[in-house]
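As structure tokens, the structure follows; a few thoughts come after it.
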Amino acid sequence: MQLSKRAVEVPASPIRRLIPYAEEAVRRGKKIYYLNIGQPDIPTPAVYFEYAEKYKPSVVAYTHSAGLMELREAFARYYAKFGVSVSPSQIIVTNGGSEAVIFAMSVVADPGDEIVVLEPFYANYAGFAHQLGIKLVPVRTYPEDGYAVPKKEKFFEVIGYRTKAIIFSNPCNPTGAVYDEAQLKTIIEVAIEKDLFIISDEVYREFVFDNYRAVSMLTFEEISNRTIVVDSISKRYSACGARIGTFVTKNKDLYAAAMKFAQARLCPSMTSQYGTIGLLTLDETYTEQVRLEYQARRDVVYEELSKIEGAVFRKPHGAFYIAAKLPIDNTENFVKFMLSEFEVDGKTTMVAPLDGFYISPNAGINEMRIAYVLNCDKLREAVKILGLGIEAYTRRMA
Ligand SMILES: Cc1ncc(COP(=O)(O)O)c(C=O)c1O
């Protein structure tokens, strides 16, 4: 018996592939600062559990495939707060933003079709596209200019007759870039000129710093017919395990098509949906407090990284990631070195090699991503250890 080609060729998660080295380091008694994975440490608000408990039915039943009406209404009120008017009938509650991405790709492209992706990108897009037989076509962004959206010409170079959509996250995982209106206009103009759909992944919407604003693609009425927004409560409310996201579109055909996929998978978790109704009662005081915490962490990481000679990066303005080019030959080897051979007082730091966030050959091999998901004191120590590790690794290579 043989596995499918799809199964054999699906890319492994770049974030998880170095875990065996980390497990071995822990077994040998080393303490690791994990900056490699985007799992927030901030406690999930208690209201999530209160609502899950309050709405305890006698039967944990299937809900509507688009999600509980009460929850979709709560999401519609949430979107209205930042000036976007969507109705519950334009929202599908999904099993995390992940399922919303899969639905979005599924409804815009057939096997063999292409979707343009701003690179580096959230690595699971590659896995989802692979499952669906869709080819991702990269348009590169670079650390030297803060991973900004490139000029239209760069898109035109790769767009062909099989290209159906452009996907990106804003604020961006893994770069922390926040695209301003001019950059979003570039994407919009390309989409209009080439008649493409836009899949805008906005799961980090609230995490923007220094007066930057994450502009939702839903605010551009002129492209509402070609836009799908992917959203999630995972990061916003530190509720990754609840698995609740949304697929939002004003295009009736896209919505109806996505509903067929939603009906096939029946529904998202009923209990999580009730918990999320609770989360959506939280006001800006909550998100502002979390935003300020991430901003303080970003500042610490930025300050400490700036002390590393030869590191190339710009101050990121969103999400909870910093991507940088390091003065080393190969980040994967460096991470293995940090886990297997290096320590400061029994401690080391783990970052994510950025090459797994690219599909362009040889791209990102000396870049890394830090997720600032630890408190400021731990982060400061973790990035100091990273700097010392880079010095030790470079000496060893010399
Ligand atoms: C940009 C982006 N989109 C989507 C997701 C998927 O999130 P979830 O499925 O937990 O909602 C993530 C998770 O890290 C992400 O970073």
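Just a few scattered comments:
- Qualifying positions in region 241-261 - farther than 19 Å from residue 76 by Cα and within 16 Å of the ligand (Cβ to nearest atom): 241, 242, 261
- Of all residues making up region 130-156, the number that are crowded, with 22+ Cβ neighbours inside 10 Å, within 16 Å of the ligand (Cβ to nearest atom) and among the aliphatic types (A, V, I, L, M): 1
- Only residues that are more than 16 Å from the ligand (Cβ to nearest atom) and part of a helix (DSSP H, G or I) were counted in region 59-110, giving 15.
- Any hit, region 88-110, residues being of a type in the set (Val, Ile, Thr), out of contact with any helix residue (DSSP H, G or I) (no Cβ under 7 Å at 6 or more places or on another chain) and modelled with pLDDT of 95 or more: yes
- Check on residue 119, among the charged types (D, E, K, R), modelled with pLDDT of 95 or more and either open to solvent by 40 Å² or more (accessible area, probe 1.4 Å) or not assigned by TED's automatic domain parsing to the domain that holds residue 230 (or both): no
- From the list 238, 269, the lone residue that is of a type in the set (S, T, N, Q), within 14 Å of the ligand (Cβ to nearest atom), over 18 Å from the mean Cα position of the chain (by Cα) and at pLDDT 95 or above is 269.
- Picking from residues in region 175-204 that are more than 13 Å from the ligand (Cβ to nearest atom) and small (Gly, Ala, Ser), the one that is farthest from residue 296 (Cα to Cα) is 191.
- Where residue 348 falls short, out of the listed (1) of a type in the set (S, T, N, Q); (2) open to solvent by 20 Å² or more (accessible area, probe 1.4 Å); (3) farther than 25 Å from residue 179 by Cβ: (2)
- Residue count for region 121-174, restricted to those that are part of a loop (DSSP other than H, G, I, E, B), more than 16 Å from residue 111 (Cα to Cα) and within 21 Å of the chain's Cα centre (by Cα): 15
- Residue count for region 205-231, restricted to those that are over 14 Å from residue 90 (Cα atoms), open to solvent by less than 10 Å² (accessible area, probe 1.4 Å) and either in a loop (DSSP other than H, G, I, E, B) or within 16 Å of the ligand (Cβ to nearest atom) (or both): 4.
- Residues in region 309-352 that are under 20 Å from the mean Cα position of the chain (by Cα) and hydroxyl-bearing (Ser, Thr, Tyr): 1 in all.
- In region 1-24, residue farthest from residue 127 (Cα to Cα) [restricted to those that are among the hydrophobic types (A, V, I, L, M, F, W, C) and in contact (Cβ under 8 Å) with a residue 12 or more places away in the chain]: 22
- Residue 52 falls short on exactly one of the conditions (1) touching a Phe, Trp or Tyr at 6+ places or on another chain (Cβ under 9 Å); (2) surrounded by fewer than 17 Cβ atoms within 10 Å (Cβ to Cβ), and that condition is (2).
Yes/no per residue for (1) open to solvent by less than 10 Å² (accessible area, probe 1.4 Å); (2) of a type outside the set (D, E, K, R); (3) in contact with a His (Cβ under 7 Å, 6 or more places away or on another chain):
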{"position": "67", "(1), (2), (3)": "yes, yes, no"}
{"position": "111", "(1), (2), (3)": "no, yes, no"}
{"position": "114", "(1), (2), (3)": "no, no, no"}
{"position": "123", "(1), (2), (3)": "no, yes, no"}
{"position": "128", "(1), (2), (3)": "no, yes, no"}
{"position": "158", "(1), (2), (3)": "no, yes, no"}
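- Considering each residue of region 362-378 in turn, none proves to be assigned to a helix (DSSP H, G or I) and within 20 Å of the chain's Cα centre (by Cα).
The values are calculated or read from the model by the stated rules, or taken from the named source; none is laboratory data. Keep in mind the model is a prediction, meaning the values are calculated, not measured. Neighbour counts run over all protein chains shown; Cβ positions are idealised from the backbone, glycine included. For the accessible areas, the whole protein counts, side chains as well, though only heavy atoms, and no ligand, DNA or RNA atoms are used. Shrake-Rupley method; radii C 1.70, N 1.55, O 1.52, S 1.80 Å.
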